Amino acid sequence: MVNRKAQQLARSRREWFVFVAVLALPGAPRSFVVPRDHVAAATWVVHQDWLTALAVRADTRNATVDRASVRLAVWAGQENRWDLLVKPIDEVPVLLPAWAGGQSRGCQTITRCVRA
């Protein structure tokens with residue numbers, strides 16, 4: 001779950017999250033390196049998708065965006081992308097899935113995606 005504080009937009013060009021998934025021990029954990037603004041954008045998109053999904057009963061859609069649950073698959077393009085840390089976050093490509101506003105929508109960076 002990505003809480004309200006984690007969904008705030010970056011105050012600098014160098015704010016990142018590293019999500020760590022420990023799926024099976026003694027195996028190695030998986031890491032996902034994600035710019036802060038991408039976390040905020042993806043969380044909002046996932047929540048909006050859930051609010052409008054036909055498979056979700058309308059009377060159960062009562063959680064606010066600060067209770068949004070973002071699945072591991074959303075961050076798949078960010079797995080082990082430690083190389084991105086050398087760039088300012090507004091120059092990092094959008095590596096979200098296409099349905100969540102990824103590059104297939106013409107969003108090379110989150111700034112260009114928001115302006116589109």
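Quick notes
- The magnitude of the dipole of segment 13-70, with charges of +1 and -1 set on the Cβ of Lys/Arg and Asp/Glu and taken from the Cα centre, is near 120 debye.
- Rounded FRET efficiency, nearest 0.05, which uses the C-beta distance separating Leu54 from Lys87 and R0 of 41 Å: 0.60
- ³J(HN,Hα) computed for each position of segment 27-42 - Karplus, 6.51 cos²θ - 1.76 cosθ + 1.60, integer Hz, glycine/proline x: x, 6, x, 9, 10, 10, 9, 10, x, 3, 5, 5, 4, 4, 5, 5
- Environment charge at Leu72 (Cβ cut-off 12 Å; Lys +1, Arg +1, Asp -1, Glu -1): +1
Here, each number is a calculation from the coordinates, and none is a lab measurement. What you see is a predicted model; the values in this text were computed from it and never measured. Cβ coordinates were reconstructed from backbone atoms using ideal geometry, including for glycine residues, and neighbour counts include every protein chain displayed.
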